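Student: One structure follows; several queries about it will come next.
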Amino acid sequence: MNELVLKIENLTKTYKLSKRDVQPLIDLNLEVKRGEFTAIMGPSGSGKTTLLNIIGCIDKPTSGTVLIDNIDIARLPESQLYKIRRDKIGFIFQNFNLLPYLNARENVELAMELSGKFKGQRKQRALELLAMVGLSEREQHRPQRLSQGEQQRVAIARALANDPAIILADEPTGNLDKNSKEEIVKLLANLNQKQGATIIMVTHDEHIAASAERVLFLSDGKIQDKQAQKGDSSAANRKQSSKVRM
Ligand SMILES: Nc1ncnc2c1ncn2[C@@H]1O[C@H](COP(=O)(O)OP(=O)(O)OP(=O)(O)O)[C@@H](O)[C@H]1O
Ligand SMILES: [Mg+2]
């Protein structure tokens, strides 16, 4: 399980504005192992979303290398990049981003349609994923009829649809009440522990971040690695013990 799924070296991102440049990421380095659950915290405007967008192939680095499964996405043309985005990345957003006119199952299926899975296969997989997030009975409900927490669970099912190498979650609990926050973070921790999902989650909430195996801080354009490494109460140890129980 030590294989690196993500290796970022000297990543710099500059936005050119008319009066001055904004440089949220400066020579940033980051490594993520397969099966790791990483939380990223940092002040507003420190570049957390910019970083996730670059890893998720939505935005391009200005310089540096970003290896996902050993492919340098910084050097790929858009014609190749969308395939990496589609096949290797699952996104979870603060505001869920479900399509309002599709029901829960169709929202999950859409992700697979884009990657060319057959219809029967798509439906079965979507139902399995909705069952996994505890929403079997809601498959025909449109987002409007689901609670915020349920909508986020559909979004998690959608993020998993194509078996991504990395799940990127940008403040996934930011719009949720206390109970739904707990539910969603438990679900993510479970996916990580039981299915080995690799998750990078941005959050402003220390309590939510504590569910991850390591907590990193982004400031001054760099990851400041101040993680509370694997003490007795850490998620990493809970992960070990839950593995023993399984
Ligand atoms: N497309 C863009 N064009 C110009 N500047 C941008 C763009 N996207 C982000 N920025 C700037 O880059 C900096 C980092 O923004 P980013 O959204 O990554 O921060 P963040 O850490 O996610 O903040 P928050 O916690 O508020 O979500 C900010 O100064 C922002 O204004
Ligand atoms: Mg952000």
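The values are calculated or read from the model by the stated rules, or taken from the named source; none is laboratory data. Please read these numbers as outputs of a predicted model, since none were measured by experiment. Cβ atoms come from the backbone with ideal geometry, glycine included; neighbour counts cover every protein chain shown.
Student: Filtering the stretch 37-51 down to residues that are of a type in the set (Ser, Thr, Tyr) and near ligand 2 (Cβ under 9 Å from one of its atoms), which residue is surrounded by the most Cβ atoms within 10 Å (Cβ to Cβ)?
Tutor: Thr50
Student: Something else about it: Quick one: which residue in Asn179, Asn162 is not aliphatic (A, V, I, L, M) and not in a helix (DSSP H, G or I)?
Tutor: The conditions single out Asn162.
Student: Please work out if Pro100 is surrounded by fewer than 22 Cβ atoms within 10 Å (Cβ to Cβ) and either in a strand (DSSP E or B) or within 16 Å of ligand 2 (Cβ to nearest atom) (or both).
Tutor: no
Student: Please give the number of the condition Ile58 fails out of (1) more than 8 Å from ligand 1 (Cβ to nearest atom); (2) under 15 Å from the mean Cα position of the chain (by Cα); (3) at pLDDT 95 or above.
Tutor: Failed condition: (3).
Student: Return the residue satisfying two criteria in turn: it lies in the stretch 23-54 and is away from ligand 1 (no atom under 15 Å from the Cβ) and within 12 Å of Lys222 (Cα to Cα), and of such residues it is nearest to the chain's Cα centre (by Cα).
Tutor: Restricting attention to the stretch 23-54, the residues satisfying the condition of being away from ligand 1 (no atom under 15 Å from the Cβ) are 27, 29, 31-38.
Still in the list and also within 12 Å of Lys222 (Cα to Cα): 27, 29.
On the way: Asp27: 22, Asn29: 18 Å.
The extreme case among them is Asn29.
Student: Return the residue satisfying two criteria in turn: it lies in the stretch 61-98 and is among the β-branched types (Val, Ile, Thr) and either within 16 Å of ligand 1 (Cβ to nearest atom) or under 22 Å from Pro172 (Cβ atoms) (or both), and of such residues it is modelled with the lowest pLDDT. Break it down stepwise before answering.
Tutor: Pass one, the stretch 61-98, residues among the β-branched types (Val, Ile, Thr): 62, 65-66, 68, 71, 73, 84, 89, 92.
So of that shortlist, the ones also either within 16 Å of ligand 1 (Cβ to nearest atom) or under 22 Å from Pro172 (Cβ atoms) (or both) come out as 62, 66, 68, 84, 89, 92.
On the way: Thr62: 97, Val66: 98, Ile68: 97, Ile84: 94, Ile89: 97, Ile92: 98.
Per the criteria, the residue is Ile84.
Student: Find all pairs meeting these conditions: Cβ atoms under 6 angstrom apart; at least six residues apart or on different chains; first residue within the stretch 50-63 and more than 9 Å from Lys13 (Cα to Cα); second residue within 11 Å of ligand 1 (Cβ to nearest atom) and acidic (Asp, Glu).
Tutor: Between residues of the stretch 50-63 that are more than 9 Å from Lys13 (Cα to Cα) and residues that are within 11 Å of ligand 1 (Cβ to nearest atom) and acidic (Asp, Glu), the close pairs are Leu52/Asp170; Asn53/Asp59.
Student: Something else now. Can you list residue pairs whose Cβ atoms sit under 6 Å apart, with the first residue in the stretch 172-197 being β-branched (Val, Ile, Thr) and the second being in a helix (DSSP H, G or I)? Count only pairs 6 or more apart in sequence or on different chains.
Tutor: Thr173/Lys181; Thr173/Ile184; Thr173/Ile208; Ile184/Gln152; Val185/Ile208
Student: Return a yes/no flag: does the stretch 206-222 have any residue that is in a loop (DSSP other than H, G, I, E, B), of a type in the set (A, V, I, L, M) and either over 24 Å from Pro100 (Cβ atoms) or within 16 Å of ligand 2 (Cβ to nearest atom) (or both). Full working, then the answer.
Tutor: Applying the first criterion (in a loop (DSSP other than H, G, I, E, B)) to the stretch 206-222 yields 210-213, 220-221.
After this cut, where a residue has to be of a type in the set (A, V, I, L, M) as well, the list is 210, 212.
Pick out the ones that are also either over 24 Å from Pro100 (Cβ atoms) or within 16 Å of ligand 2 (Cβ to nearest atom) (or both) and you get 210, 212.
Scanning the stretch 206-222 turns up at least one residue that is in a loop (DSSP other than H, G, I, E, B), of a type in the set (A, V, I, L, M) and either over 24 Å from Pro100 (Cβ atoms) or within 16 Å of ligand 2 (Cβ to nearest atom) (or both).
Student: Residue check: is Arg34 modelled with pLDDT of 95 or more, more than 16 Å from ligand 2 (Cβ to nearest atom) and either within 18 Å of Ile167 (Cβ to Cβ) or not small (Gly, Ala, Ser) (or both)?
Tutor: yes
Student: Shifting gears a bit: Against the condition under 24 Å from Leu188 (Cα atoms), part of a helix (DSSP H, G or I) and within 16 Å of ligand 2 (Cβ to nearest atom), how does Ile54 come out, does it pass?
Tutor: When the stated conditions are applied, Ile54 passes them.
Student: Turning to a different aspect of this structure: In this structure, does Ile184 turn out to be within 14 Å of ligand 1 (Cβ to nearest atom) and assigned to a helix (DSSP H, G or I)?
Tutor: Values: within 14 Å of ligand 1 (Cβ to nearest atom): no; assigned to a helix (DSSP H, G or I): yes.
Considered against the rule, which asks whether it is within 14 Å of ligand 1 (Cβ to nearest atom) and assigned to a helix (DSSP H, G or I), Ile184 comes out as no.
Student: Something else about it: So Glu113 clears everything in (1) touching a residue at least 12 places away in the same chain (Cβ under 8 Å); (2) assigned to a helix (DSSP H, G or I); (3) over 24 Å from Val215 (Cβ atoms); (4) of a type outside the set (Phe, Trp, Tyr) except one condition, right? Which one?
Tutor: That leaves (1) as the condition not met.
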